[in-house]
Amino acid sequence: MSIRRALTISAALPFVAFAAHAQVISLITTPAGTFSNSAASAMAKVVTDKAKIRMTVQAQASSGYEELEAGSAELTVSNSFDSTFFATGTGDYTGRGPSKTLRHVAAMMPYRVAMHVRADSKIMKISDLKGKRVSSDFNAQKTIGRIIAAHLANGGLSYKDVKGVPAPNVFRQAEDFKAGKVDVMFFAMGSPQVKEAAAALGGLRVLEVDASPAAVKRMEDLLPGAYTINVTPSPATDGVTKPTNLVAFDMNLNTSSKVSDDTIYRVTKALYENKKDLLDTFPPFGLFDPQMMSKIQIGIEFHPGAIKFYREVGLWPPRAAPSGAAASPAAPAKADAAKKK
């Protein structure tokens with residue numbers, strides 16, 4: 001072997017070793033094209049670029065909690081109330097018992113969600129949905145049915161007051177809405193499906209929720225940790241023509257106690273320090289407030305790696321949630337009782 005060839009191989013060895021030992025972690029999210037999936041893709045890019053940990057996004061229909069417990073995935077993005085239910089073994093997870101391994105990493109930004117009607121619809125408020133056709137069942141995505149039920153409760157209604165039209169998931173109900181099979185469509189603000197429906201139907205209008213304490217209480221009984229948020233008109237908020245109160249709950253980044261403290265520390269640090277990069281990839285990250293990443297989440301323990309970083313930047317102990325969203329520990333039980341009524 002020539003000296004030059006030996007030197008070339010020797011110089012390449014560190015890079016080969018790095019590639020062979022580069023850490024790879026997975027982030028489970030909802031199907032491609034959803035708000036959560038788009039946000040997760042931006043998060044994965046930041047972690048890969050800044051933390052030097054290769055993060056891959058796994059889009060799937062399930063929540064990903066089981067994969068965390070099994071150790072086949074490291075992180076998942078989900079809404080705050082679903083995280084609470086899984087951690088405490090309540091709500092849609094009643095009967096399975098509390099999770100011993102689920103850990104919280106960060107509250108990333110609020111999901112702002114709404115019930116949308118056609119711009120020319122005579123339905124002006126949620127209570128006007130009485131007797132109207134509303135997507136129901138959601139056997140493949142029960143969380144959506146719960147969120148719609150919470151909107152109905154906010155308006156003093158329940159599924160008993162509307163004509164339920166079964167749909168397996170949020171995508172099918174959007175197709176049913178565009179086809180005229182239902183009178184209202186649920187979706188997160190800023191989702192591509194909202195813009196598609198607005199373009200197909202000549203515009204949409206969101207139904208404002210009641211921000212009074214009694215109405216919010218009815219909503220929180222089904223969605224512990226949810227709150228109302230005032231949304232102003234913008235290109236990203238189709239259907240909002242004036243400042244409007246909508247339902248919001250946190251986008252949680254969760255992990256497992258099986259994931260190392262160093263990995264979660266580096267992930268948390270990368271997300272905290274790089275809002276601009278998140279925003280450049282996914283504009284709704286304009287709502288991301290790094291100072292609120294350590295916000296209290298009902299019934300969920302923080303991962304030690306996240307706690308270590310939050311201590312370093314003065315965000316520990318964790319902060320309280322806005323608008324009374326940090327409900328009492330009894331909130332999940334209340335939600336179960338409300339669902340059974």
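Here's the yes/no breakdown for (1) out of contact with any Lys or Arg (no Cβ under 8 Å at 6 or more places or on another chain); (2) at pLDDT below 95; (3) of a type in the set (Lys, Arg); (4) closer than 23 Å to ARG218 by Cβ:
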| residue | (1), (2), (3), (4) |
| --- | --- |
| TYR93 | yes, yes, no, yes |
| THR101 | no, no, no, no |
| HIS104 | yes, no, no, no |
| MET108 | yes, no, no, no |
| ILE123 | no, no, no, yes |
| LEU129 | yes, no, no, yes |
| LEU157 | no, no, no, yes |
| ASP161 | no, no, no, yes |
| ASN169 | yes, yes, no, no |
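Considering only residues that are within 30 Å of PRO235 (Cβ to Cβ) and among the aliphatic types (A, V, I, L, M), look in segment 259-316 and name the one that is farthest from the chain's Cα centre (by Cα). Restricting to residues being within 30 Å of PRO235 (Cβ to Cβ) and among the aliphatic types (A, V, I, L, M), the top hit is ALA270. Filtering segment 143-168 to residues that are surrounded by fewer than 15 Cβ atoms within 10 Å (Cβ to Cβ) and basic (Lys, Arg) leaves LYS160, LYS163. Those helices (runs of 4 or more DSSP H) of segment 241-341 in which 3 or more residues are in the same structural domain as SER36 (by TED's automatic domain parsing) and at pLDDT 95 or above occupy 261-273, 275-281, 304-312. The lone criterion from (1) over 14 Å from the mean Cα position of the chain (by Cα); (2) in a strand (DSSP E or B); (3) of a type outside the set (D, E, K, R); (4) crowded, with 16+ Cβ neighbours inside 10 Å left unmet by VAL77 is number (1). Determine whether ASP183 is touching a Lys or Arg at 6+ places or on another chain (Cβ under 9 Å), farther than 24 Å from ASP82 by Cβ and of a type in the set (Asp, Glu). Considered against the rule, which asks whether it is touching a Lys or Arg at 6+ places or on another chain (Cβ under 9 Å), farther than 24 Å from ASP82 by Cβ and of a type in the set (Asp, Glu), ASP183 comes out as yes. Of the residues making up segment 122-173, those that are basic (Lys, Arg) and out of contact with any strand residue (DSSP E or B) (no Cβ under 6 Å at 6 or more places or on another chain) are LYS122, LYS125, LYS130, LYS132, LYS142, ARG146, LYS160, ARG172.
The values are calculated or read from the model by the stated rules, or taken from the named source; none is laboratory data. Values in this document were obtained by computation on a predicted structure and should not be read as measured data. Neighbour counts are summed over all protein chains in view; Cβ atoms, including those assigned to glycine, are modelled from backbone coordinates with ideal geometry.
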